[in-house]
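Asks: Below: one structure in C-alpha coordinates.
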Amino acid sequence: MAVLVTGGAGYIGGHMALALLDRGEEVVVLDNLSTGYAWAVPPGAKLVVGDFGDEALVDKLIAEEKIEAIAHFAAKIVVPESVADPLGYYLNNTAKARALLERAVKGGVKHFIFSSTAAVYGEPAANPVFEEVALAPINPYGRSKLMVEWMLADVAKAHGLGFVVLRYFNVAGADPQGRLGQSSPVATHLIKVASQAALGHRDGLDVFGTDYPTPDGSCVRDYIQVSDLVDAHLRALDHLRAGGENLTCNCGYGRGFSVLEVVEVVKTVSGVDFPVRIKGRRAGDPASLVAGAKRVRETLGWIPKYDNLPTIVEQALSWERRLHNRKAAE
Ligand code: UDP
(Lines give C-alpha, C1' and ligand atoms only; values in the text may rest on other atoms or scores of the structure.)
Protein backbone atom coordinates (compact mmCIF):
# COMPACT_ATOMS: atom_id res chain seq x y z
CA MET A 1 0.00 0.00 0.00
CA ALA A 2 1.41 3.37 -0.97
CA VAL A 3 0.47 7.01 -1.11
CA LEU A 4 0.67 8.65 -4.54
CA VAL A 5 1.91 12.22 -4.27
CA THR A 6 1.34 14.14 -7.49
CA GLY A 7 3.65 17.15 -7.70
CA GLY A 8 5.98 15.52 -5.20
CA ALA A 9 9.03 17.09 -6.86
CA GLY A 10 7.62 20.52 -6.11
CA TYR A 11 7.50 22.69 -3.05
CA ILE A 12 4.59 21.48 -0.92
CA GLY A 13 4.39 18.01 -2.46
CA GLY A 14 8.10 17.50 -1.75
CA HIS A 15 7.58 18.38 1.90
CA MET A 16 4.63 15.97 1.99
CA ALA A 17 6.75 13.17 0.56
CA LEU A 18 9.39 13.86 3.23
CA ALA A 19 6.83 13.87 6.03
CA LEU A 20 5.23 10.63 4.84
CA LEU A 21 8.61 8.93 4.62
CA ASP A 22 9.58 10.31 8.04
CA ARG A 23 6.69 8.36 9.51
CA GLY A 24 7.46 5.19 7.60
CA GLU A 25 4.94 5.30 4.77
CA GLU A 26 5.53 4.08 1.24
CA VAL A 27 5.54 7.00 -1.21
CA VAL A 28 5.26 7.18 -4.99
CA VAL A 29 5.82 10.61 -6.53
CA LEU A 30 4.29 11.41 -9.91
CA ASP A 31 5.68 14.64 -11.35
CA ASN A 32 6.34 15.89 -14.87
CA LEU A 33 9.24 18.03 -13.60
CA SER A 34 7.79 21.12 -15.31
CA THR A 35 8.56 23.22 -12.24
CA GLY A 36 9.80 20.55 -9.83
CA TYR A 37 13.20 18.90 -9.59
CA ALA A 38 14.16 15.23 -9.38
CA TRP A 39 16.66 16.14 -6.65
CA ALA A 40 13.81 17.55 -4.56
CA VAL A 41 12.20 14.11 -4.32
CA PRO A 42 13.46 12.62 -1.08
CA PRO A 43 15.48 9.41 -1.28
CA GLY A 44 13.12 6.65 -0.26
CA ALA A 45 10.28 7.86 -2.46
CA LYS A 46 9.84 6.32 -5.89
CA LEU A 47 9.85 9.03 -8.57
CA VAL A 48 7.83 8.45 -11.71
CA VAL A 49 8.32 11.21 -14.27
CA GLY A 50 5.05 11.78 -16.05
CA ASP A 51 1.79 13.63 -16.17
CA PHE A 52 -1.00 13.06 -13.67
CA GLY A 53 -3.41 13.49 -16.60
CA ASP A 54 -1.85 10.48 -18.37
CA GLU A 55 -4.61 7.98 -17.73
CA ALA A 56 -2.74 4.84 -18.80
CA LEU A 57 0.22 5.76 -16.62
CA VAL A 58 -1.98 6.52 -13.62
CA ASP A 59 -3.91 3.24 -14.06
CA LYS A 60 -0.64 1.33 -14.15
CA LEU A 61 0.68 3.09 -11.04
CA ILE A 62 -2.49 2.59 -9.03
CA ALA A 63 -2.47 -1.13 -9.82
CA GLU A 64 1.25 -1.87 -9.60
CA GLU A 65 2.02 0.29 -6.56
CA LYS A 66 -1.23 -0.59 -4.75
CA ILE A 67 -2.14 3.06 -4.27
CA GLU A 68 -4.39 3.47 -1.26
CA ALA A 69 -4.48 7.28 -1.20
CA ILE A 70 -3.69 10.16 -3.53
CA ALA A 71 -2.42 13.50 -2.30
CA HIS A 72 -2.86 15.75 -5.32
CA PHE A 73 -0.47 18.71 -5.31
CA ALA A 74 0.49 19.03 -8.97
CA ALA A 75 -0.97 22.26 -10.31
CA LYS A 76 -0.29 25.64 -11.77
CA ILE A 77 -0.43 28.14 -8.91
CA VAL A 78 0.34 31.66 -10.06
CA VAL A 79 -2.68 33.99 -9.98
CA PRO A 80 -1.57 36.56 -12.61
CA GLU A 81 -0.45 33.74 -14.92
CA SER A 82 -3.95 32.24 -14.63
CA VAL A 83 -5.42 35.56 -15.73
CA ALA A 84 -3.16 35.56 -18.80
CA ASP A 85 -3.58 31.83 -19.57
CA PRO A 86 -6.97 30.67 -18.28
CA LEU A 87 -7.22 27.69 -20.63
CA GLY A 88 -3.83 26.42 -19.49
CA TYR A 89 -5.11 26.57 -15.91
CA TYR A 90 -8.43 24.89 -16.73
CA LEU A 91 -6.59 22.15 -18.60
CA ASN A 92 -3.98 21.46 -15.97
CA ASN A 93 -5.83 22.17 -12.74
CA THR A 94 -9.35 21.14 -13.75
CA ALA A 95 -9.54 18.86 -16.80
CA LYS A 96 -6.57 16.72 -15.83
CA ALA A 97 -7.81 16.54 -12.26
CA ARG A 98 -11.08 15.14 -13.63
CA ALA A 99 -9.09 12.44 -15.40
CA LEU A 100 -7.13 11.69 -12.22
CA LEU A 101 -10.33 11.40 -10.19
CA GLU A 102 -11.79 9.00 -12.72
CA ARG A 103 -8.71 6.79 -12.60
CA ALA A 104 -8.78 6.93 -8.80
CA VAL A 105 -12.39 5.73 -8.73
CA LYS A 106 -11.80 3.03 -11.36
CA GLY A 107 -8.65 1.87 -9.58
CA GLY A 108 -10.33 1.61 -6.18
CA VAL A 109 -8.26 4.31 -4.47
CA LYS A 110 -9.82 4.94 -1.06
CA HIS A 111 -8.71 8.43 -0.07
CA PHE A 112 -8.03 11.68 -1.91
CA ILE A 113 -6.45 14.77 -0.40
CA PHE A 114 -6.79 17.83 -2.56
CA SER A 115 -4.68 20.97 -2.50
CA SER A 116 -7.21 23.74 -2.86
CA THR A 117 -6.75 27.41 -2.22
CA ALA A 118 -8.04 30.45 -0.40
CA ALA A 119 -8.52 31.89 -3.90
CA VAL A 120 -11.88 30.04 -4.00
CA TYR A 121 -13.18 32.78 -1.68
CA GLY A 122 -12.38 35.61 -4.07
CA GLU A 123 -12.78 38.91 -2.25
CA PRO A 124 -14.48 37.80 0.97
CA ALA A 125 -17.03 40.13 2.57
CA ALA A 126 -15.27 39.67 5.91
CA ASN A 127 -11.99 38.32 7.23
CA PRO A 128 -11.18 35.87 8.71
CA VAL A 129 -13.11 33.86 6.17
CA PHE A 130 -14.74 30.58 7.20
CA GLU A 131 -15.29 27.50 5.07
CA GLU A 132 -19.07 27.83 4.78
CA VAL A 133 -19.27 31.29 3.18
CA ALA A 134 -20.48 31.58 -0.41
CA LEU A 135 -17.58 30.94 -2.78
CA ALA A 136 -16.86 33.56 -5.42
CA PRO A 137 -13.36 33.26 -6.88
CA ILE A 138 -12.17 36.32 -8.79
CA ASN A 139 -9.49 34.72 -10.93
CA PRO A 140 -9.13 31.64 -13.16
CA TYR A 141 -6.76 30.03 -10.65
CA GLY A 142 -9.43 30.06 -7.93
CA ARG A 143 -12.10 28.87 -10.35
CA SER A 144 -9.88 26.09 -11.70
CA LYS A 145 -9.53 24.71 -8.15
CA LEU A 146 -13.14 25.28 -7.09
CA MET A 147 -14.38 23.12 -9.95
CA VAL A 148 -12.31 20.26 -8.59
CA GLU A 149 -13.81 20.77 -5.14
CA TRP A 150 -17.23 20.40 -6.74
CA MET A 151 -16.21 17.31 -8.69
CA LEU A 152 -14.85 15.72 -5.53
CA ALA A 153 -18.08 16.28 -3.64
CA ASP A 154 -20.10 14.73 -6.47
CA VAL A 155 -17.69 11.83 -6.95
CA ALA A 156 -17.67 11.13 -3.21
CA LYS A 157 -21.46 10.89 -3.21
CA ALA A 158 -21.66 8.74 -6.31
CA HIS A 159 -18.68 6.46 -5.76
CA GLY A 160 -17.74 6.65 -2.10
CA LEU A 161 -14.29 8.17 -2.57
CA GLY A 162 -13.18 9.71 0.74
CA PHE A 163 -11.73 13.19 0.48
CA VAL A 164 -10.29 16.07 2.40
CA VAL A 165 -10.05 19.42 0.65
CA LEU A 166 -7.43 21.70 2.17
CA ARG A 167 -7.71 25.35 1.21
CA TYR A 168 -4.23 26.77 1.52
CA PHE A 169 -3.66 30.36 2.40
CA ASN A 170 -0.12 31.65 1.63
CA VAL A 171 2.44 28.90 2.05
CA ALA A 172 6.00 29.91 2.93
CA GLY A 173 9.12 28.83 4.79
CA ALA A 174 11.06 25.61 4.47
CA ASP A 175 11.77 22.29 6.16
CA PRO A 176 13.13 23.18 9.62
CA GLN A 177 15.89 20.57 9.13
CA GLY A 178 16.98 22.37 5.94
CA ARG A 179 16.32 19.40 3.65
CA LEU A 180 13.92 21.20 1.29
CA GLY A 181 12.39 24.55 0.46
CA GLN A 182 10.74 26.46 -2.34
CA SER A 183 12.87 25.93 -5.43
CA SER A 184 10.64 27.02 -8.32
CA PRO A 185 12.71 28.36 -11.22
CA VAL A 186 10.77 31.62 -11.43
CA ALA A 187 9.90 33.16 -8.06
CA THR A 188 6.60 35.01 -7.89
CA HIS A 189 5.50 34.49 -4.28
CA LEU A 190 6.17 37.35 -1.93
CA ILE A 191 8.38 35.81 0.76
CA LYS A 192 10.57 34.05 -1.80
CA VAL A 193 10.91 37.17 -3.93
CA ALA A 194 11.71 39.28 -0.85
CA SER A 195 14.27 36.71 0.34
CA GLN A 196 15.99 36.82 -3.05
CA ALA A 197 16.03 40.62 -2.87
CA ALA A 198 17.55 40.51 0.63
CA LEU A 199 20.28 38.13 -0.54
CA GLY A 200 21.06 40.31 -3.57
CA HIS A 201 19.84 37.65 -6.02
CA ARG A 202 17.52 40.26 -7.56
CA ASP A 203 17.61 44.03 -7.63
CA GLY A 204 14.84 44.66 -5.11
CA LEU A 205 11.14 44.04 -4.81
CA ASP A 206 8.04 45.53 -6.44
CA VAL A 207 5.02 46.04 -4.20
CA PHE A 208 1.90 45.47 -6.30
CA GLY A 209 -0.53 48.07 -5.06
CA THR A 210 -0.77 50.29 -1.99
CA ASP A 211 -4.30 51.57 -2.70
CA TYR A 212 -6.26 48.59 -1.34
CA PRO A 213 -8.83 49.01 1.43
CA THR A 214 -6.43 47.63 4.06
CA PRO A 215 -4.72 49.37 7.02
CA ASP A 216 -1.57 50.32 5.04
CA GLY A 217 -3.04 49.99 1.53
CA SER A 218 -1.08 46.85 0.60
CA CYS A 219 -2.68 43.38 0.35
CA VAL A 220 -3.11 41.29 3.49
CA ARG A 221 -2.42 37.55 3.50
CA ASP A 222 -2.19 34.73 6.04
CA TYR A 223 1.25 33.09 5.74
CA ILE A 224 1.40 29.43 6.81
CA GLN A 225 4.66 27.51 7.24
CA VAL A 226 5.01 24.56 4.87
CA SER A 227 5.68 21.80 7.47
CA ASP A 228 2.70 22.95 9.49
CA LEU A 229 0.64 22.76 6.32
CA VAL A 230 1.93 19.29 5.54
CA ASP A 231 1.08 18.18 9.06
CA ALA A 232 -2.55 19.02 8.31
CA HIS A 233 -2.32 16.64 5.32
CA LEU A 234 -0.98 13.79 7.46
CA ARG A 235 -3.80 14.35 9.90
CA ALA A 236 -6.28 14.45 7.02
CA LEU A 237 -5.01 11.08 5.81
CA ASP A 238 -5.25 9.59 9.31
CA HIS A 239 -8.75 11.02 9.61
CA LEU A 240 -9.88 9.32 6.39
CA ARG A 241 -8.19 6.04 7.28
CA ALA A 242 -10.01 6.07 10.60
CA GLY A 243 -13.31 6.35 8.70
CA GLY A 244 -13.75 10.08 9.28
CA GLU A 245 -16.20 12.03 7.17
CA ASN A 246 -15.26 14.03 4.10
CA LEU A 247 -14.00 17.46 5.03
CA THR A 248 -13.06 20.86 3.68
CA CYS A 249 -10.69 22.88 5.86
CA ASN A 250 -8.89 26.18 5.63
CA CYS A 251 -5.16 25.99 6.28
CA GLY A 252 -3.84 29.21 7.75
CA TYR A 253 -3.03 30.67 11.14
CA GLY A 254 -5.89 33.17 11.28
CA ARG A 255 -3.66 36.22 11.29
CA GLY A 256 -2.92 38.51 8.37
CA PHE A 257 0.19 40.48 7.42
CA SER A 258 0.30 43.18 4.78
CA VAL A 259 2.82 43.09 1.96
CA LEU A 260 4.61 46.07 3.53
CA GLU A 261 4.73 44.31 6.91
CA VAL A 262 6.20 41.20 5.31
CA VAL A 263 8.83 43.34 3.58
CA GLU A 264 9.78 44.89 6.94
CA VAL A 265 10.10 41.47 8.57
CA VAL A 266 12.33 40.24 5.73
CA LYS A 267 14.49 43.37 6.06
CA THR A 268 14.78 42.93 9.83
CA VAL A 269 15.50 39.20 9.80
CA SER A 270 18.03 39.48 6.95
CA GLY A 271 19.53 42.76 8.16
CA VAL A 272 19.43 44.03 4.56
CA ASP A 273 17.59 47.18 3.49
CA PHE A 274 16.91 46.12 -0.12
CA PRO A 275 15.21 48.45 -2.63
CA VAL A 276 11.40 48.43 -2.62
CA ARG A 277 9.42 49.98 -5.49
CA ILE A 278 5.72 50.78 -5.21
CA LYS A 279 3.92 49.62 -8.36
CA GLY A 280 0.33 49.32 -9.56
CA ARG A 281 -1.99 46.47 -8.68
CA ARG A 282 -1.35 42.99 -10.03
CA ALA A 283 -4.18 41.29 -11.94
CA GLY A 284 -6.40 38.98 -9.89
CA ASP A 285 -5.26 39.98 -6.38
CA PRO A 286 -7.92 40.25 -3.65
CA ALA A 287 -7.26 42.88 -0.96
CA SER A 288 -7.34 40.60 2.08
CA LEU A 289 -7.42 36.87 2.74
CA VAL A 290 -7.14 35.60 6.29
CA ALA A 291 -8.13 32.09 7.33
CA GLY A 292 -10.88 31.28 9.75
CA ALA A 293 -8.77 28.46 11.16
CA LYS A 294 -11.00 26.76 13.70
CA ARG A 295 -12.15 23.75 11.74
CA VAL A 296 -8.73 22.33 10.94
CA ARG A 297 -7.79 22.52 14.62
CA GLU A 298 -11.06 21.08 15.87
CA THR A 299 -11.64 18.30 13.36
CA LEU A 300 -8.05 17.26 12.66
CA GLY A 301 -6.47 18.21 16.00
CA TRP A 302 -3.98 20.36 14.11
CA ILE A 303 -1.60 22.34 16.30
CA PRO A 304 0.84 24.51 14.35
CA LYS A 305 4.47 24.66 15.42
CA TYR A 306 5.82 27.55 13.36
CA ASP A 307 3.19 30.26 13.68
CA ASN A 308 5.77 33.03 13.69
CA LEU A 309 6.53 35.18 10.65
CA PRO A 310 10.22 35.90 11.48
CA THR A 311 10.81 32.12 11.87
CA ILE A 312 9.16 31.46 8.51
CA VAL A 313 11.25 34.19 6.87
CA GLU A 314 14.44 32.84 8.46
CA GLN A 315 13.69 29.41 6.99
CA ALA A 316 12.99 30.93 3.57
CA LEU A 317 16.22 32.91 3.65
CA SER A 318 18.26 29.96 4.73
CA TRP A 319 16.81 27.76 1.97
CA GLU A 320 17.39 30.50 -0.60
CA ARG A 321 21.07 30.63 0.39
CA ARG A 322 21.40 26.87 -0.01
CA LEU A 323 19.63 26.92 -3.34
CA HIS A 324 21.91 29.67 -4.59
CA ASN A 325 25.01 27.74 -3.53
CA ARG A 326 23.65 24.59 -5.16
CA LYS A 327 23.09 26.47 -8.45
CA ALA A 328 26.55 28.04 -8.22
CA ALA A 329 28.09 24.58 -7.74
CA GLU A 330 26.30 23.13 -10.81
N1 UDP B 1 3.41 40.63 -4.06
C2 UDP B 1 4.14 41.79 -4.25
N3 UDP B 1 5.36 41.70 -4.85
C4 UDP B 1 5.88 40.51 -5.29
C5 UDP B 1 5.12 39.32 -5.08
C6 UDP B 1 3.88 39.43 -4.47
O7 UDP B 1 3.70 42.90 -3.89
O8 UDP B 1 6.99 40.50 -5.84
C9 UDP B 1 2.09 40.72 -3.40
C10 UDP B 1 0.94 40.24 -4.28
O11 UDP B 1 0.49 41.27 -5.12
C12 UDP B 1 -0.08 39.82 -3.21
C13 UDP B 1 0.78 39.32 -2.06
O14 UDP B 1 2.09 39.86 -2.29
O15 UDP B 1 -0.78 40.96 -2.77
C16 UDP B 1 0.89 37.83 -2.02
O17 UDP B 1 1.18 37.37 -3.33
P18 UDP B 1 1.79 35.93 -3.63
O19 UDP B 1 2.10 35.87 -5.08
O20 UDP B 1 2.89 35.64 -2.67
O21 UDP B 1 0.60 34.92 -3.26
P22 UDP B 1 -0.95 34.88 -3.70
O23 UDP B 1 -1.68 35.55 -2.56
O24 UDP B 1 -1.09 35.58 -5.01
O25 UDP B 1 -1.23 33.43 -3.80
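The values are calculated or read from the model by the stated rules, or taken from the named source; none is laboratory data. From a predicted model like this one, the values you see are computed outputs, not experimental measurements. All Cβ positions, glycine included, derive from the backbone under ideal geometry; neighbour counts span all protein chains shown. Side chains are part of the model used for accessible areas, which takes the heavy atoms of the whole protein and leaves out ligands, DNA and RNA. Shrake-Rupley method; radii C 1.70, N 1.55, O 1.52, S 1.80 Å.
Asks: Tally Lys/Arg at +1 and Asp/Glu at -1 over every other residue whose Cβ is under 12 Å from the Cβ of ALA84; what's the total?
Replies: Computed value for this residue: 0.
Asks: Here's something else I'd like to know. With the dipole of the chain worked out from charges on the C-beta (+1 for Lys and Arg, -1 for Asp and Glu) around the Cα centre, which of SER116, GLY204, GLY142 lies farthest toward the positive end?
Replies: Going by the charge dipole, the pick is GLY204.
Asks: Then there is this: Just the accessible area per residue of the chain, please: how many Å² with a 1.4 Å probe?
Replies: 41
Asks: Okay, moving on. Where the centroid of each part is defined by its Cα atoms, how far is segment 22-95 from segment 159-180 in Å?
Replies: For segment 22-95 versus segment 159-180, the Cα centre distance is 14 Å.
Asks: Quote the relative contact order of the chain in percent (integer), defining contacts as alpha-carbon pairs under 8 Å separated by 6+ residues.
Replies: RCO, the chain: 19 percent.
Asks: Among residues other than PHE169 whose Cβ falls under 9 Å from its Cβ, what is the net charge (Lys/Arg +1, Asp/Glu -1)?
Replies: +1
Asks: Roughly speaking, what is the centre-to-centre gap between segment 132-147 and segment 295-324 when only Cα atoms are used, to the nearest Å?
Replies: 25
Asks: Compute, for segment 50-200, the length of the dipole vector about the Cα centre, with Cβ point charges of +1 (Lys, Arg) and -1 (Asp, Glu) only. Units Debye, rounded to 20.
Replies: My answer is approximately 80 debye.
Asks: Right, next: Return the carbon/sulfur percentage of the accessible area of the chain, one whole number, probe 1.4 Å, all protein chains in place.
Replies: Heavy-atom surface of the chain belonging to carbon and sulfur, 1.4 Å probe: 54 percent.
Asks: Right, here's the next one. On a 0 to 90 degree scale, rounded to 10, what angle separates helix 96-106 from the longest Cα axis of the chain?
Replies: 30
Asks: Can you give the charge dipole size of segment 149-244 about its Cα centre, rounded to the nearest 20 debye, using +1 on the beta carbon of Lys and Arg and -1 on the beta carbon of Asp and Glu?
Replies: Dipole about the Cα centre, nearest 20: 320 debye.
Asks: What value, in deg cm²/dmol to 500, does the helix sum -39500 (n - 2.57) over DSSP H runs of n ≥ 4 give at 222 nm once divided by the residues of the chain?
Replies: -12000 deg cm²/dmol
Asks: Within segment 236-330, what is the number of lysine pairs with alpha carbons under 25 Å apart, leaving out pairs fewer than eight places apart on the same chain?
Replies: Number of lysine pairs found: 4.
Asks: Then there is this: Give, as a single signed number, the net charge of other residues whose beta carbon lies under 11 Å from the beta carbon of GLY244, with Lys and Arg counted +1 and Asp and Glu -1.
Replies: Residues near GLY244 contribute 0 overall.
Asks: Only four residue types carry charge here, +1 at the Cβ of Lys and Arg and -1 at the Cβ of Asp and Glu. Report the dipole size of segment 202-330 about the Cα centre in Debye, rounded to the nearest 20.
Replies: 240
Asks: Under the Karplus relation 6.51 cos²θ - 1.76 cosθ + 1.60, θ = phi - 60°, what is the ordered set of whole-Hz ³J(HN,Hα) values for segment 44-55, x standing for Gly and Pro?
Replies: In residue order, the calculated couplings are x, 8, 8, 9, 10, 8, x, 9, 5, x, 7, 5 Hz.
Asks: Which residue, ALA283, VAL226, ALA126, has the largest displacement toward the positive end of the dipole of the chain when charges sit on each Cβ (Lys, Arg +1; Asp, Glu -1)?
Replies: VAL226
Asks: Using 0.36 nm per residue, how much length does the chain from ASP85 to ALA56 gain when fully extended, once their Cα-Cα distance is taken away?
Replies: 7.7 nm is the gain from fully extending ASP85 to ALA56.
Asks: Right, here's the next one. Assign one of three labels to segment 78-131, namely rounded, prolate or oblate, based on the Cα gyration tensor with a ≥ b ≥ c the square roots of its eigenvalues; rounded applies when a/c is under 1.5, prolate when it is not and a/b is larger than b/c, and oblate otherwise.
Replies: Note, shape of segment 78-131 comes out oblate.
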